[in-house]
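The values are calculated or read from the model by the stated rules, or taken from the named source; none is laboratory data. Note that the coordinates shown come from a computational prediction; the quantities given were computed from them, not determined experimentally. As a convention, Cβ positions derive from the backbone with ideal geometry for all residues, glycine included, and neighbour counts pool all protein chains shown.
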Amino acid sequence: MAKTNSPIQIGTHTLRNRITFAPTVKFDFTDDSGMVTEKLVSHYVERAKGGCGLICVEATAVTPGGRFGKNHMGLWRDEQIEGHKLITEGCHKHDCVVIIQLNHTGYTSNPECGPAIGPSGIQWQGFRGEYTTIEMSPDEIQQMQQAFVDAAVRAKKAGYDGVQFHGCHSYLINQFMSPATNFRTDEYGGSAENRARFCAEMICRVRELCGPDFLISVRTSGYDKDLEDAIAVAEEYVKAGCDYLQVSTGLTPIDDLAPFRGGKVSGVQSLGAYFHEHFAGRVPVSCVGGLTEPEQIHYLLENDYVDTVDVGRAILADPDFAAAVIEDKAYTKCLGCKACQYGPFTAHKCPAEMIRQRA
């Protein structure tokens, strides 16, 4: 059985342990330029130093119109590359593999940044009430794919070990893969293979341009329509060249999902476990879902439920959480605030981290 501190190979990269830092957006750490700031560099380097095997840098916009808000980091132009180099160089000094999550919000785009676009024209509950989204034309689909690919090429130039396509949480890639939002009748709609095509074609192109050593991950929805359909979509990603699946939720509720093997795991964690069982021996799979206690992490890994665990809030609260779990040391616990202070449009004031800094 894998131990939390066991190395693991993902693609051609070796992670020193099985704890990864989940992509969590820092909404007040940049401005309308989308440029990397010193605050962002310090944030990630501190967590690399704190023991993470891999860091996935937060959802980063591939176009200005696909941002959460005007204070959302980007990789849509070459001038942004140099700032990202500071993140990768700092993380690599601490033996940490670092990738970056690429995203477009699609239907959920902030209207201050761009229009609500997606695979189909539907009614959508957005920032300012319900409105009709704009269906992307075939030419617009190709232009958007090129924006993702161009951002991935910039990521490689910035020194990232790879990229992650943000394919869950109701954003654009998730909107294409989900039958709840994709009603197209062309090659990008209908079957699971077609609904996966938008992202799968980008994976192929990034592999072609960035080479075999560039790690390609998809943070994919584990349950859109049902588990089987979500796995069928992920199969297309893997066929296209995806090295690593990090599984989370999408557009469909998972209330009726049975816990994996009846174990002591949540529904969200079970999604990763089901995917791991299906893809075992082919690509590593990570799970997410409220992983704030060392016991949860050890349980999932030592029972071979997943290959890695994707931790968010616990590492936000204490940058040294990964090392504390591995070395069985004390750490500052996440307080489980109902509205996480790293959340959308809030000033950074995590109570747990402030407690740690005062200690």
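Kindly indicate the residue of segment 77-112 that is crowded, with 20+ Cβ neighbours inside 10 Å and of a type in the set (A, V, I, L, M, F, W, C) and also farthest from Val45 (Cα to Cα) among those meeting that condition.
Leu102
With (1) part of a helix (DSSP H, G or I); (2) in contact with a helix residue (DSSP H, G or I) (Cβ under 8 Å, 6 or more places away or on another chain); (3) over 15 Å from Ser286 (Cβ atoms) as the list, and Ala234 as the residue in question, which single condition is left unmet?
(3)
Among (1) of a type in the set (S, T, N, Q); (2) within 21 Å of Arg207 (Cα to Cα); (3) free of Cβ contacts under 8 Å to residues at least 12 places away in the same chain, where does Thr88 come up short?
So Thr88 meets the others, but not (3).
Given the criterion of a type in the set (Val, Ile, Thr) and farther than 23 Å from Arg184 by Cα, identify the matching residue among Thr133, Thr60.
Answer to the selection: Thr60.
Take segment 266-310 and flag every residue that is in a loop (DSSP other than H, G, I, E, B), within 17 Å of the chain's Cα centre (by Cα) and on the phi < 0 side of the Ramachandran plot.
Correct list: Val283, Pro284, Val288, Leu291, Val306, Asp307.
For segment 201-211, state whether one or more residues are of a type outside the set (Gly, Ala, Ser), in contact with a Ser or Thr (Cβ under 8 Å, 6 or more places away or on another chain) and either surrounded by fewer than 21 Cβ atoms within 10 Å (Cβ to Cβ) or in a helix (DSSP H, G or I) (or both).
no
Could you go through segment 35-42 and let me know if any residue there is more than 16 Å from Thr308 (Cα to Cα), assigned to a loop (DSSP other than H, G, I, E, B), at pLDDT below 95 and out of contact with any strand residue (DSSP E or B) (no Cβ under 8 Å at 6 or more places or on another chain).
no
Among the listed residues Glu46, Glu58, Glu79, which satisfies the condition of being within 15 Å of the chain's Cα centre (by Cα) and not in a loop (DSSP other than H, G, I, E, B)?
Of Glu46, Glu58, Glu79, the one residue that is within 15 Å of the chain's Cα centre (by Cα) and not in a loop (DSSP other than H, G, I, E, B) is Glu58.
Within segment 153-200, can you find the residues that are of a type in the set (A, V, I, L, M, F, W, C) and either touching a Pro at 6+ places or on another chain (Cβ under 7 Å) or on the phi > 0 side of the Ramachandran plot (or both)?
Taking segment 153-200 as the starting set, the residues that turn out to be of a type in the set (A, V, I, L, M, F, W, C) are 153, 155, 158, 163, 165, 168, 172-173, 176-177, 180, 183, 192, 196, 198-200.
Correct list: Phe176 only.
Being touching a strand residue (DSSP E or B) at 6+ places or on another chain (Cβ under 8 Å) and of a type in the set (A, V, I, L, M, F, W, C) is the filter here; which residues of segment 182-209 pass it?
Across segment 182-209, the qualifying residues are Cys199, Met202, Ile203, Val206.
Within segment 237-262, restricting attention to residues that are in contact with a Leu (Cβ under 9 Å, 6 or more places away or on another chain) and part of a loop (DSSP other than H, G, I, E, B), which residue is surrounded by the most Cβ atoms within 10 Å (Cβ to Cβ)?
Among them, the one singled out is Asp243.
Please name all residue pairs, on different chains or six or more residues apart, with Cβ atoms under 6 Å, provided the first residue is in segment 48-73 and is within 24 Å of Asp243 (Cβ to Cβ) and at pLDDT 95 or above and the second residue is part of a loop (DSSP other than H, G, I, E, B) and of a type in the set (Lys, Arg).
Short answer, once both residue conditions are applied: Gly53/Arg16; Ala61/Arg67.
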